[in-house]
Amino acid sequence: MRIAALFVETEHEGVRVSLRSREPYDVHQLAARFGGGGHRRAAGVKMVGSLAEVRAKVLAGLLEALAAPGSQDAARPGGTG
């Protein structure tokens, strides 16, 4: 496994998302897109919405970043963070 995401519902109508990665992927960029932060290999974000809504947004962002050729965005090799 190269990238992992853990989604945890909070008591206040939100979801905490923890992201982890191995070389060469940068999850900090993905978390930053949603207002979160962290480091290249460990990042996170708290988001408002249902578990299904948040999971769909984060996974769509991850898939988009992985599919973008030459992109320096979230989870792309060589991204900054």
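Here, each number is a calculation from the coordinates, and none is a lab measurement. As the structure is a computational prediction, the values presented were derived from the model and not from experiment. Neighbour counts are summed over all protein chains in view; Cβ atoms, including those assigned to glycine, are modelled from backbone coordinates with ideal geometry.
Descriptive notes on the structure:
- Counting 0.36 nm for each residue step from Glu9 to Arg22 and taking away their Cα separation leaves a gain of 2.2 nm.
- Residues with amide H under 5 Å from that of Asp26, placed H, sequence gap 5 or more: Ala75, Arg76, Gly79
- From phi via Karplus (6.51, -1.76, 1.60), per-residue ³J(HN,Hα) for the stretch 5-20 in Hz, x at Gly/Pro: 9, 10, 10, 10, 5, 9, 6, 10, 6, x, 9, 9, 10, 10, 10, 9
- Trypsin sites (Lys or Arg not before Pro) within the stretch 12-41: DSSP coil, no more than 14 neighbouring Cβ in 10 Å: Arg22
- Amide hydrogen neighbours beyond the local backbone of Gly49, cut-off 5 Å, H modeled: Gly14, Val15
- Our coupling estimate for the stretch 46-58, obtained by passing each phi through the Karplus curve with A = 6.51, B = -1.76, C = 1.60 and θ = phi - 60°, is 9, 10, 8, x, 6, 4, 5, 5, 5, 4, 4, 5, 5 Hz, Gly and Pro reported as x.
- Separation of the Leu63 and Leu51 label points, Cα + 7 Å toward Cβ, nm: 2.0 nm
- For the stretch 31-42, the Karplus equation 6.51 cos²θ - 1.76 cosθ + 1.60, evaluated at θ = phi - 60°, returns couplings of 4, 4, 4, 10, x, x, x, x, 10, 4, 9, 9 Hz by residue, with Gly and Pro reported as x.
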